[in-house]
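Asker: Input: one structure, supplied below.
The values are calculated or read from the model by the stated rules, or taken from the named source; none is laboratory data. Keep in mind that this is a model prediction, so the values were computed, not measured. Here Cβ is always computed from backbone atoms with ideal geometry, including for glycine, and neighbour counts include all displayed protein chains.
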Amino acid sequence: MELPVLNDKPETESGCSAGSCGSTDDQMDHLSDEIREKVQNHPCYSEDAHHYFARMHVAVAPACNIQCHYCNRKYDCANESRPGVVSELLSPLQAVKKTMAVAANIPQMTVLGIAGPGDPLANPERTFATFRELSEKAPDIKLCVSTNGLALPAAVEELSKHNIDHVTITINCLDPEIGAKIYPWIFWNNRRIKGKKGAKILIQQQQKGLKMLAEKGILVKVNSVMIPGVNDEHLAEVSKVVKENGAFLHNVMPLIAEAEHGTFYGVMGQRGPTAEELQTLQDSCSGDMNMMRHCRQCRADAVGMLGEDRGDEFTLDKIEDMEIDYQSAMEKRKVIHEAIEAEMNEKRSAKAENKQTQPQLNTRPVLMAVATSGQGLINMHFGHAKEFLIYEASPEGVRFISHRKTELYCSGDDTCGDAETALERNIRTLEGCETVLCSKIGYEPWEQLEQAGIQPNGEHAMEDIEEAVMAVYMEMAESGKLDESAEQQRANA
Ligand code: CLF
Ligand code: SF4
């Protein structure tokens, strides 16, 4: 769970503060009721919530007021979305209808975000028309917006009027020298301003907007795109300063720059960070800040749980035919939300109790991969997993580290010829993990995983992820497996 802790806790050996990295389950207890209400069912602001609750985006904002070197405007805003993805533009009216249709059909959907395809605050009429209508017609949906921050100070008053409790600002630097390497220009006061001068204005506007939002009690998440050789060594400082200025959560995302996307970085061959570099930076920031590690870099019209996209079920022609009685949908949603929150609270209490009775160990940490389709359970077949969640188990507890995307190798006869290759690629994706937990697994992948030094485990199907990860860790400790390094283990296998 990535929720703020109000008490300082010591750092662990890995540099991760136990309170900020999701290894404790009592963090909700440290929050005021007001903040708890804002985060407990927001799938981006709470790592725990992302197992149960869904979000959706409506792509109503086409224009942008700056240029980033990781964007070429043909695709969705890369500050909040996976590059290379194009969303269908909606009018505010269409967006409202779609949101209510999704909310009625996916009651776990708690948050509507506007995150593109350009910058929402560079399109204030379209963005605020959508928020205004929704706050009146569907008051049970949390409203969320993501911006580059240039137009933010002028929009804070309007944002606070529409009951918007969550704002994301993409802040990649505090230093205009670095900024000039990321932003070739901004459009400001009807003029294009280039280089350091433009970057300086953007940086000032971002920090000003952040402080104004924090003063109004609006929760701010800061996204930063990690660009090796450009801002990677600077982002720990960014994390510290944005926390001082009132940010609630920091999400460091990897740069994705492919030549085929046609962006400046893509064409120039600028590389993104490795998973290890990203984790090291997140860990180094987490002593000062609550870090988000479960971001899926969604698209500007994403629908569903993080990591899934159910947009095809809610295309314009389909929602045209849907009859929505939102009053009765709201009543149903309330019952479902309360049941989920009760389940989450129950699990949190059970974990706290288990932790107290757990024997003290002095063993090394272990990475484990988990196949899940949600609800915080191990409930997915190895061959059906489109991604694995990576957890670290250690004597301090279990913490979520990241997700790693895979390719489906078990998708029917037509892919059989390529199956071996896809499986091999997936196994490479799990590098560094010593165990993979799933509900079921076939003989062939079992064998290949074992050969790669990764132990498959289907014994904890339908169990709570963190409890199962800890149970496997304890078994490894008892059997003496943790007395040797992972490398020694592989050599002996
Ligand atoms: Fe959307 Fe962003 Fe709101 Fe979430 S996404 S506007 S805060 S509701 Fe979440 Fe998606 Fe990552 Fe964004 S996983 S890209 S952080
Ligand atoms: Fe592209 Fe978003 Fe940057 Fe605008 S703010 S240039 S849409 S990545």
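Asker: Return only the number of the condition from (1) within 13 Å of ligand 1 (Cβ to nearest atom); (2) touching a residue at least 40 places away in the same chain (Cβ under 8 Å) that Val145 does not satisfy.
Answerer: Val145 satisfies all of (1) within 13 Å of ligand 1 (Cβ to nearest atom); (2) touching a residue at least 40 places away in the same chain (Cβ under 8 Å) except (2).
Asker: So Gln67 passes all but one of these: (1) within 15 Å of ligand 1 (Cβ to nearest atom); (2) touching a strand residue (DSSP E or B) at 6+ places or on another chain (Cβ under 7 Å). Which condition number does it fail?
Answerer: Among (1) within 15 Å of ligand 1 (Cβ to nearest atom); (2) touching a strand residue (DSSP E or B) at 6+ places or on another chain (Cβ under 7 Å), Gln67 violates only (1).
Asker: Same structure again: Let me spell it out: the conditions are (1) within 16 Å of ligand 2 (Cβ to nearest atom); (2) among the basic types (Lys, Arg); (3) assigned to a loop (DSSP other than H, G, I, E, B), and Arg296 meets all of them except one. Which number is the exception?
Answerer: Among (1) within 16 Å of ligand 2 (Cβ to nearest atom); (2) among the basic types (Lys, Arg); (3) assigned to a loop (DSSP other than H, G, I, E, B), the lone unmet condition for Arg296 is (1).
Asker: Sort through Met212, Met268 and tell me the only one that's more than 16 Å from ligand 1 (Cβ to nearest atom) and under 18 Å from Val145 (Cβ atoms). Reasoning before the result, please.
Answerer: Values: Met268 fails: under 18 Å from Val145 (Cβ atoms).
Residue meeting the stated conditions: Met212.
Asker: State all residues of segment 247-264 that are away from ligand 1 (no atom under 16 Å from the Cβ) and either polar (S, T, N, Q) or at pLDDT 95 or above (or both); if no residue qualifies, say none. Outline the logic, then answer.
Answerer: The initial filter retains those residues of segment 247-264 that are away from ligand 1 (no atom under 16 Å from the Cβ), namely 257-264.
Answer for segment 247-264, where residues must be away from ligand 1 (no atom under 16 Å from the Cβ) and either polar (S, T, N, Q) or at pLDDT 95 or above (or both): just Thr263.
Asker: For segment 240-279, enumerate the residues that are part of a helix (DSSP H, G or I), surrounded by fewer than 18 Cβ atoms within 10 Å (Cβ to Cβ) and over 15 Å from the mean Cα position of the chain (by Cα).
Answerer: Residues satisfying the conditions are Lys240, Val241, Glu244, Ala259, Glu260, Phe264, Val267, Met268, Glu276, Glu277.
Asker: So, one more: With respect to the numbered conditions (1) surrounded by fewer than 22 Cβ atoms within 10 Å (Cβ to Cβ); (2) under 30 Å from Ile35 (Cβ atoms), which one is the sole condition not fulfilled by Gln282?
Answerer: Failed condition: (1).
Asker: Which pairs do you get when a residue that is on the phi < 0 side of the Ramachandran plot, found in segment 168-194, comes within reach of a residue that is of a type in the set (Val, Ile, Thr) and in a loop (DSSP other than H, G, I, E, B), reach meaning Cβ atoms under 6 angstrom, with the pair 6+ apart or on two chains?
Answerer: Short answer, once both residue conditions are applied: Lys181/Val230.
Asker: Then there's this: Hey, could you check segment 123-150 for residues that are within 16 Å of Ile186 (Cα to Cα) and under 24 Å from the mean Cα position of the chain (by Cα) and say which is nearest to ligand 2 (Cβ to nearest atom)?
Answerer: Within segment 123-150, the match that is nearest to ligand 2 (Cβ to nearest atom) is Asn148.
Asker: Does segment 271-284 hold any residues that are within 16 Å of ligand 1 (Cβ to nearest atom) and closer than 14 Å to Asn223 by Cβ, and which are they?
Answerer: If the condition is that a residue be within 16 Å of ligand 1 (Cβ to nearest atom) and closer than 14 Å to Asn223 by Cβ, then Leu278, Gln282 are the ones that fit.
Asker: Among the listed residues Glu37, Glu88, identify the single one that is surrounded by fewer than 21 Cβ atoms within 10 Å (Cβ to Cβ), more than 12 Å from ligand 2 (Cβ to nearest atom) and assigned to a loop (DSSP other than H, G, I, E, B).
Answerer: Of Glu37, Glu88, the one residue that is surrounded by fewer than 21 Cβ atoms within 10 Å (Cβ to Cβ), more than 12 Å from ligand 2 (Cβ to nearest atom) and assigned to a loop (DSSP other than H, G, I, E, B) is Glu88.
Asker: Sort out which residues of segment 91-117 are part of a loop (DSSP other than H, G, I, E, B) and either surrounded by fewer than 23 Cβ atoms within 10 Å (Cβ to Cβ) or touching a Phe, Trp or Tyr at 6+ places or on another chain (Cβ under 8 Å) (or both), and write them in order of number. Working first, answer last.
Answerer: Of segment 91-117, the ones part of a loop (DSSP other than H, G, I, E, B) are 91, 106-108, 115-116.
Correct list: Ser91, Ile106, Pro107, Gln108.
Asker: Also: Cβ-Cβ under 6 Å, sequence separation 6+ or interchain: first residue in segment 322-340 and farther than 20 Å from Gly376 by Cβ, partner assigned to a helix (DSSP H, G or I). Which pairs?
Answerer: Hits for this filter: Met322/Ala101; Ile324/Met100; Ile324/Ala101; Ile324/Ala104; Tyr326/Met100; Ala329/Ala104.
Asker: Give me the residue from segment 115-137 that is at pLDDT 95 or above and hydrophobic (A, V, I, L, M, F, W, C) and, out of that set, nearest to His337 (Cα to Cα).
Answerer: In this case the residue turns out to be Leu134.
Asker: Turning to a different aspect of this structure: Only one of (1) charged (D, E, K, R); (2) touching a residue at least 40 places away in the same chain (Cβ under 8 Å); (3) in a loop (DSSP other than H, G, I, E, B) fails for Glu450. Which number is that?
Answerer: Failing condition for Glu450: (3).
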